[in-house]
Each structure stands twice: as C-alpha cells, then as structure tokens.
Amino acid sequence: MARQSWLERRWKKTARLTEQEKAAIIGPASSGCVGGSRPIYVSGYSDSGASHVKRALKGWTGTSSSPQEDIDDNNRTLRQRGRLLYMSSPLAAAPIKTYRTKIVGSGLKMRPAIQYELLGMSAEAAQEWNKRTEAEFRLWAEKKENCDALGINNLYQMEQLAVMQWFMSGDVFCLIQRDDATALNPYTLRLHMIEADRVSTPCAAGVRYIAGTTGKAENGNDIYDGIEVNSRGKVVAYHICSAYPEEITAKDVKWTRVEAVGAKTGLPNILHIRDAERCEQYRGVTQLAPVIELLQNQKRFTESQLMAALIQSFLTAWIETELPATDFPFNEAKSGAYGAEESDDHREWHDPNEHEIGPGTVNVLNPGEKVVLGNPQVPTESFDIFIKNLAMQLGAALEIPRDVLLKEFNASYSASRGALEEAWEVMKMYRSWFETDFCQPIYEIWLAEAVAIGRVKAPGFFRDPLIRAAWSHARWDGPSQTHLDPVKEANANEILARNGWKTNTQITRESYGGDWNENMNQLAQEQERLRQIFPQQEPAATNNEEDDDNENITDK
C-alpha cells in the first residue's frame, strides 16, 4: 500500500467534519475556490520544520525506522569508515585518543570503600580491610598473565583498549573466562577482549558477508546483530563468531552462544561497553558517525593543499629536441647503489612517454610534444582558519572544545579554563558509564572468587545481597583535571573545604587523583622523620599562624 501524503491524510480528516465544524475551523467558503471547496490551513510544525511545500524543505522525505534498521543495518559501514578515518586522519584520531587519555589515562585504579557502618565495622577495621583487599586485587590486575586470557595486557591496559574500541567501533565486549590457578596467581578469572565485529547474527558460512543483521535463535528468540533478546526485549545471550566478517580463513566459521548472566552465580558472563542514543537500541555506534562526511572532506582538502604546496616547491625542467629522446640520459632511473652506473639489465624500466615533476627533475620531450601545466597554488592563509573552524564543528559534535581537541590554549585564562571545565564534565560522564559497564562488574566478579577461596574475609557475602553490595562498594581513581594555574585552583579548593562545600577527600580525588587519608598518613610519617633528623628545627608555621602573629604585633 502506497504511503499517503500528509495533504491526503489532512484532507480525509477534514472531510469527516460537518459543514458547521469546517466553518468553525477554516472559516466560510471562499468564492475563489473551485467547486466551493475551502482551503486547508496548516498548523503547528506543518508550516515550519514539517513543511513539504517550503522551498528549502521540498523533496526532503527522509524517514526513520527502528533502531535495528537505522543502526544495525548501517553499523558495518559506519564502523569500517570510523576505523579508516582513525588510521588516516589526525582530526579523527585526536578525539578518540583524548577520550582515552582523559577517561582512563594510565588506568582507573580500584580503591575499596566498603560501607562499614552497614556491616557493623569500625572505621579502623574497615581501613585495614580496604588495604588488604586492594593489595589482593593488585596481585591479580597488574600482571598480564594473571588477568588477560591472551596474556597480552594487564587490567589497566585493557581499560585503555576498551575505551579506544568503544569510541572507534561503537561498542566492545569483554568475555569472562576461567583458567587454572598457579603458584603465583591463586585466581582463575581471565578477561578476553572482543571487537564489535565478531558479535554478529549466526548465518551460513558462505553468506556471512551479505546476510542481514536480524535472525532467530533455536529457542525462538530474536537476534539483533548478534544480541539475543527474549519476548520482552531483554538481552539474554550474545553470539560470538570465530572469525571477523572480512577475514579469509580456512577454519570452520561458527558462532558460540554466551548467556548474558550465569544461571548459578548470577554474575555476568560477558560485558558489553557502549552508550545508546535511542530506546531499544542494542548495539553502539562509532562516535565519529555524525562527522564522517566532514572528516573525509577535510582529509581530501588537506591532501590537496599539501600536494599543491609540494608541487610549488619542485624545480622541474623540460627539454624540447629534434633528436631521439634516448640520446639524453636525464630521464633514466638508476638502480645501483649511490647512483653508480649499471648495465642495461639492472636498470629500472622507464616508459619513454612518462614525464614526472620532482625536485631537480629534468625531462626530455619528443618532437612535437609540449607540456601544459596548471597553476598550483600554495595553501592560502585561510587554510589554518578553515581547519580551526572545522575542528570547532567537530568538537561541538563530540563534546570536546576546540582548544582541548587541538591541544592549543592561546586564548585567555578564563576561556582556556572554561574549555577544560567543559571537557572535564563530559569525561566524568563517560568515566562513570565506563566504571558501571566495565570496571565495577569485573571487581565484583573477582571479589566473589576471592571470598569463595578464602583470600578475602567478608562475612555474609553470599547470604544477603545488601551485605554483598556493602562489601563490594569501591571507587575508581583515574586522571585528574588539567590545571592551568595551580595556585588559583589550590586557593579555590581551600575556600571550598573551609566552607564545607567540598571535603578534603573529594578535592584530593577529583583534582589530584589521590587519597587524602593516605596523604595524611604519609605526611605524618614525613613530619616524624624530619623531627628525627632535625630535632632543633621548629615546624613551619601555617598561614593562619602567621596571620595571628601579625595581628598580635599590630595590637601591641
């Protein structure tokens, strides 16, 4: 059935009304109307963004379907183009690497922060438990052979990889596996990072390049681009292919079904890291999707400008002669070392009709030949302005201010600080998502094993979900915000802490990525050490003490 136009639907709706209702809505009949018909007036968005008659909107008939048709069916193309741009365009690689550096940096470090009051523990006992558990977690996380199923990366390097793949490909998966414990590693937990391409809908091996993204599982569930959902739309399993879509392999191509959650443990069997832009969306989209066309055109423009500048720098001459071109050896390429003469058998073949331009190149023209060159221009002064304006649009789409994207802070302190603050808000949001989808689930899976084998003591861990959540509570410390003027920002932090708007722990974690309690313990040890080395030296007076002394002198 052909889709009816808006005008046809509107006319049918109007035809159902009585004459009195029509007159009340659209007024009396116009004498200029053919057959006494009344004009139909548009309302709402029909006269603006939804108009089909305005000159700027004529012919704009784009439609949107389900997330599976709009996203999954196009994801393969978007994913490949995003990767190619990352590998070939500096402006495409810049935001992805910026995300990685600001969100994860050298790694998000786990810091246990159990809810000791709920567990009936003292603060001192909780601190000791946190230290012990953190040491156990580092034993597993910091060595690649302990945590990586492939033995390639440690946990913090896998965090970096996951963020890169998340933004480059749209999503990434982490398969939870088990391996034998060793004398140096008492834990069996292993992580296997899987690229987005390998999670796909099962099909016959011969048609995996052209098969659609939807399918049916053996139990009747729907599969959307490798993700199996039940009748209510809940994700219940993932289908992982043994080969990449474009991979040429002699091995049998098969799919492995992995249940989303273990039936006995209730823990996830696979982690899916992505963010969504639409409801009922199961797969992620590369962050470069909105700017693919923009980046590709920028890449072409940059290459053409670079070639124009390169051609302009060449010095090339042509010789017109009535003699055979073979009498002049200028155009012969030598293959010998340091340009030494070689026999004809060792010379590179050269087409006598081929002419090139290059640094100090001399070409010979045959009789009757003539060279006509274009007029290559060096890049104009507007090239730099064009790139910066393009970076501004790119940054707006990806929520990275241009100054941060280009790593160029030439504006005022306030403008640069504002750009950093804006970027930091975005990075905190993404870090929170990443902690929820990747870091915290991994820690909870590890902690369950640590408690089960007796390496960590946590009474009631397996009996009560609330108690388990209290033992599993943790924070993840990562890179702190960039400081343009540390003195100004330190003074601001002092005011915040003095008025109770922020705690010292918050400021230390957010601004410097450390732990205030650990800093205080370390400072106490350092002060004690200084008193042992310099017993006659008085401790340095604080600013408040100096101010009090000045006030006393003034009073006197």
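The values are calculated or read from the model by the stated rules, or taken from the named source; none is laboratory data. In this text the structure is predicted, and so the values were computed from the model without any measurement. Heads up, the Cβs are rebuilt from the backbone with ideal geometry, glycines too, and the neighbour counts pull from every protein chain shown.
Residues in the stretch 72-114 that are of a type in the set (D, E, K, R) and assigned to a helix (DSSP H, G or I): 72, 73, 76, 79, 81, 83, 97, 100, 102.
Scanning the stretch 57-84 for residues that are small (Gly, Ala, Ser) and at pLDDT below 80 yields 59, 62. Here residue 114 meets each of (1) farther than 28 Å from residue 514 by Cβ; (2) in contact (Cβ under 8 Å) with a residue 40 or more places away in the chain with one exception, condition (1). Taking the listed residues 270, 248, the one that is in contact with an Asp or Glu (Cβ under 9 Å, 6 or more places away or on another chain) and among the hydrophobic types (A, V, I, L, M, F, W, C) is 270, with no other qualifying. Whenever a residue of the stretch 453-464 is within 13 Å of residue 115 (Cβ to Cβ), its partners that are in a loop (DSSP other than H, G, I, E, B), lying with C-beta atoms within less than 9 angstrom and at least six residues away or across chains, give the pairs 458/114.
Assessment of the stretch 214-221 against the conditions (under 28 Å from residue 161 (Cβ atoms), hydroxyl-bearing (Ser, Thr, Tyr), surrounded by 13 or more Cβ atoms within 10 Å (Cβ to Cβ) and touching a helix residue (DSSP H, G or I) at 6+ places or on another chain (Cβ under 8 Å)) yields no matching residue. Evaluating residue 108 against the criteria (1) outside the structural domain of residue 212 (by TED's automatic domain parsing); (2) over 25 Å from residue 197 (Cβ atoms); (3) without any contact (Cβ under 8 Å) to a residue 40 or more places away in the chain leaves one unmet condition, (3).
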